[in-house]
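Okay, structure first, notes after.
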Amino acid sequence: MARKRKPTNALPSREQIKNFIEESPGPVGRREIARAFNVKGAARVDLKKLLGGLIKDGAIDPGQRRRVAAPGRLPAVGVIEVVSIGDDAEAIAKPVSGVKDGADAKILLPHTGRGPSFAVGDRVLARLAHVRDDLYRGSVMRRLEKGASRIVGVLESARGGFRLAPSDGKKSNDAQVEQINANGARAGDIVAVELLPGQRLGPRRARVVETIGRHDSPKAVSLICIHEHDIPDRFPESAVEQAEAARPATVEGKRQDLRDIPLITIDGADARDFDDAVWAEADTSVANHGGWRLLVAIADVAHYVRSGDALDKEAQKRGNSVYFSDRVVPMLPEALSNGLCSLRPDEDRACLAVEMIIDAKGRKKSHQFLRGLMRSVARVTYEEIQAVVDAADPGDATGDASEGVPGVAADAEPRLTALARPLYGAFRSLLDARETRGALDIEMPEMQVILNDDGQVTAITPRQRLDSHRLIEEFMVLANVAAAETLERRKRACVYRVHDVPNPDKVEEMRNNLEGFGIKFAKGQVLQAKLFNRVLAQAKDQDFQHSVNLLVLRSQSQAVYSPFNLGHFGLGLSRYAHFTSPIRRYSDLLVHRALIDAHDFGPDGDRRTEADDLVTVCEHISMTERRASVAERSATDRFSAMFMANRVGEDLDAVISGVVYFGVFVTLGGGQADALLPVSSLPDDYYDHDPKTHALTGRHSGFSLKLGQSLTVKLREADPVTGRIRVDYVDGSTQNRPSRGPRKPSPGRQQSRPRGRRR
């Protein structure tokens, strides 16, 4: 037993308490500490406060009866900030800046349904329970104001000045802007404001710090999203000057002349930054009958963007390019992204290439990296190359081959056909390999927003998914695998693209939901992508196909960048890195530099052998990727609201895509828009939410809404500024038959707030 301290009139110091706890052979509580240091009377209150401070700072762990906390452990209570949101509304948070120990921690904040969901950037005071390693689970004590007081919105006329209608739609961000604080802004302007100190009662006051544009301008949607999510969209002058001063590369040093290889670029019709080119031919080796030789050439961005220079600092800050329907916010200035680093046809371009040999089953037999100078012989779109192949094979063609291929000159078609045939031959082999390893095959149609010259939405349609798209994807996947394998073999640190095994809790939730569709997912299996593909196969061509694909998608972990290899579950690969898009992803530029150093291709490489050197960078670029994804999704929501605005009052077909305690989310028009059907619009009842089965059920009537259910709704509101669409329930629009008699809430179910008295 620890020896008793001599009586003293003062409280023990923090270090004395920690030393006493560490020396004690058994659990230590406040009573034992008070006895040891002879703390009596009113001083016990001060001792309690002192111990509370030690717990809050993480110096001692109350969960283990006041043991000294392990080094690097987070405090039991702390301020954390949300950095990403999962499809199931579970938030992932990090400690706020300034935390030294446990700064790499990942904190899960499950959405309980008892309050509003989280948004990226939200700060909360939370109790933190250590789960394992750097993983914690948090429970919210209270929400805090965001550190930044900058709010984006649209000014509306009001007495004495303006009212700010916040772009995020949060009532808590409503503010009043007096004329004197408008700084020349007018009603209808998109502005950024900062909050001013003000009275406790009444609307908050703000002043305009930046006028961004007009709410009815063609670029209004992307302008709002850029500023709402703090996406850097202006390059510093030093970076622009460096980009504009760049000069074309030549064949010198270890750079090889690859200009005699007929590489082609295959991209979307609206693409301007061509960062990859491909070529293939049949392997003539007798030992590899039916095999192929592939070459994937990638823009040599590292030649122009050196580690630590002005361009590099800005590229790292941005992390990636951000793509909207009406504009691109590039990672690099246009002089590089659309100029010297874009593999435009008939122009010499520096490249980093990988030559790969595959067998007839698509298995990679060997690969080697080259640094070269290439010259693309053609720039074709996905649709054009697919049409060329279909025309050359009348059995697969959808049109009349005699009419030629739209967009392709008649004299260029034979050469393009000759180049396309081996590409598609290699692609079919790579598909065999993909199916053999069981890569995850979720089918979630991507919607494409079509705009006219005035920025108005003319259509929202499913984006075509052609074999040409899949061809480029498979070529890029193989090149990315080669990059990761090479850096491992040459003992260089690598920025991996990792996709962890699904969380068991999410898989269990998916399993419960699948039973409602008559699909079994056995417990106790070693999780492999093939198992999920079997589920998807059972749902194919069924009415619930979209819902099952959504359930499988929501069960998956989020892919991130990491210097530590976890493999890529979705692709069924043991090692994987991003190498093929250095114009638009900083991760790829880092991989290029590592490869250049590993092969001694030039002085512009980057020698890192310790993974720890890349931890902070990987966290940052994972965050910027999530930020871009959220911004792009919010832009699509706003375009959808713009498209639906003239249909307010119409009855629309809908499918339930999500169920929460306050209502259901529905997809309209086969994917043209998503909307909220609030519980207040449903037939009068008390509604219980069962998160395990994704159902909302009336306690008295038995009326139920479930994931994947079809119904008819009336469009009530479509706001292009916030992107929010709300609908009302149309009576009798479902096949659901209410049961007779009251229902009692089941244990674990959450009750929605009632509309009022049941009539």
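The values are calculated or read from the model by the stated rules, or taken from the named source; none is laboratory data. Given the structure is predicted, the values throughout are model-derived calculations rather than measurements. Surface areas here come from the heavy atoms of the whole protein model, side chains and all, with no ligands, DNA or RNA. Shrake-Rupley method; radii C 1.70, N 1.55, O 1.52, S 1.80 Å.
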* Structure fact -> Taking alpha-carbon centroids only, the range 159-210 lies from the range 664-686 a number of Å equal to 31 Å
* To do: Calculate for the chain the 222 nm mean residue ellipticity that helices alone would give, adding -39,500 (n - 2.57) per DSSP H run of length 4 or more and normalising by residue count, nearest 500 deg cm²/dmol.
  => -8000 deg cm²/dmol
* Cross-link pairs Lys254/Lys364; Lys18/Lys49; Lys219/Lys714 - those with Cα-Cα distance over 20 Å -> Lys254/Lys364; Lys219/Lys714
* Mind checking the angle between helix 413-437 and the chain's longest principal axis? C-alpha axes, 0 to 90 degrees, to the nearest 10. -> 40 degrees
* Asked: Roughly how many Å² of Asp690 are accessible to a 1.4 Å probe, to the nearest 10?
  -> 20 Å²
* Tilt relative to the chain, helix 529-539 - C-alpha long axis, 0 to 90 degrees, to 10 -> 90 degrees
* Just need the relative contact order of the range 247-310 here, percent rounded to a whole number, with Cα pairs under 8 Å and 6+ apart. => 22 percent
* To do: Hey, could you grab the Kirkwood Rh for the range 308-392? Inverse mean 1/r over distinct alpha carbon pairs, Å, one decimal.
  => 16.4 Å
* Asked: Relative to the longest principal axis of the chain, what angle (0 to 90°, nearest 10) does the C-alpha long axis of helix 467-489 take?
  -> 70 degrees
* Structure fact -> Its Cα gyration tensor gives the chain an equivalent ellipsoid whose semi-axes in whole Å, largest first, are 47, 36, 30
* **the range 451-525, Rg to Rh (Cα coordinates; Rh as Kirkwood inverse mean 1/r)** => 1.18
* Structure fact -> Rounded to whole Å, √(5λ) for the Cα gyration tensor eigenvalues of the range 516-627, largest first, gives 38, 15, 13
* Between the alpha-carbon centers of the range 333-391 and the range 487-552, tell me the distance in whole angstrom. => 32 Å
* Eligible aspartates and glutamates near Lys317 by straight Cα distance, threshold 13 Å, same-chain separation 8 or greater -> Asp230, Asp233, Asp309, Glu619, Glu625
* For the range 225-336, which whole-number percentage of the solvent-accessible area (1.4 Å probe, protein heavy atoms only) is attributable to carbon and sulfur atoms? -> 48 percent
* To do: Only Cα pairs under 8 Å and at least 6 apart count here; give the relative contact order of the chain as a rounded whole percent.
  => 9 percent
* Asked: Please state the relative contact order of the range 161-263 as a whole percent: Cα pairs under 8 Å, 6+ residues apart?
  -> 19 percent
* Size descriptor, Kirkwood hydrodynamic radius, that averages inverse alpha-carbon separations across the range 660-701, Å -> 11.2 Å
* To do: Report the far tail of the P(r) of the range 414-500, meaning the percent of Cα-Cα pairs longer than 22 Å.
  => 52 percent
* Taking a probe of 1.4 Å, how large is the accessible area per residue of the range 500-594, in Å²? -> 43 Å²
* Structure fact -> Kirkwood Rh for the range 132-234 from C-alpha pairs, in Å, is 14.9 Å
